[in-house]
Amino acid sequence: MLFARIGFSLLFGFAGLYLVNVARRLWLRHRDWQVKGVDVEGKIVGFEERTATGDRVGYPTFAPIVRFHTQDGAGMTFTSSMSSRPNPYVAGQTIAVKYMRDDPNDAELASAASSWWTFIIVVIFIVVVFTVASLPIILPPPHR
């Protein structure tokens, strides 16, 4: 019984450590967007239809395809990693874009690049996983 409790705690502890690493990478990526990101205006030139999985099968989402010009004047096009349904955008719409100064191919909608939601969700998971990992240590063993 003791080995099962320790194994349970270790399993969730390792999962928590993995999530800490994920949160660290998200934090660094967000910081990079703030430090190295360049804000420009782009124009939505089309949409990429993405097939949903899970509960949303049969309901595609739409990711905007955006064209923008770097500060050097080079024309670039990218497809946003964010897709949604219903589609909040229209073709021809002007939208804020952020790209990395040292790699203009690394571009995203400014709203997605500055979003903290993914980081916040991972931190909540970290708290939950470490709480579950500590339960066998905090709680007394069950009575027979």
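Quick notes
- Dmax and Rg, reported as Rg then Dmax, of region 22-95 (C-alpha, Å): 15.0, 44
- Extension gain from residue 17 to residue 41, taking 0.36 nm per residue of separation minus the Cα-Cα distance: 4.8 nm
- Which of 117, 33 has the fewest Cβ neighbours within 10 Å, and the rest in rising order: 117, 33
- Counting only alpha carbon atoms, the long axis of helix 2-36 and the longest principal axis of the chain meet at about 20°.
- Segment residue 132-residue 32, length gained on full extension (0.36 nm per residue, minus Cα span): 32.8 nm
- Multiplying the residue separation of residue 4 and residue 121 by 0.36 nm and subtracting their alpha-carbon distance yields 39.2 nm.
- Computed from Cα positions, the angle between helix 117-138 and the longest principal axis of the chain comes to roughly 0 degrees.
- Listed residues 85, 31, 101, most fluctuating in the chain (Gaussian network, C-alpha, under 10 Å): 85
- Hydrodynamic radius of the chain per Kirkwood, over alpha carbon pairs, in Å: 18.2 Å
- Per-peptide packing, taken as the mean over residues of other Cβ atoms within 10 Å, places 7-14, 65-72 in the sequence 65-72, 7-14 from highest down.
- For residue 45, residues with placed amide H under 5 Å, excluding near neighbours: 65, 66, 67, 92
Where a number appears in this text, it was derived from the coordinates with a stated rule and is not lab data. Quick caveat, the model's predicted, so the values are computed rather than measured. FYI the Cβ positions are ideal-geometry reconstructions off the backbone, even for glycines, and counts take in every protein chain you see.
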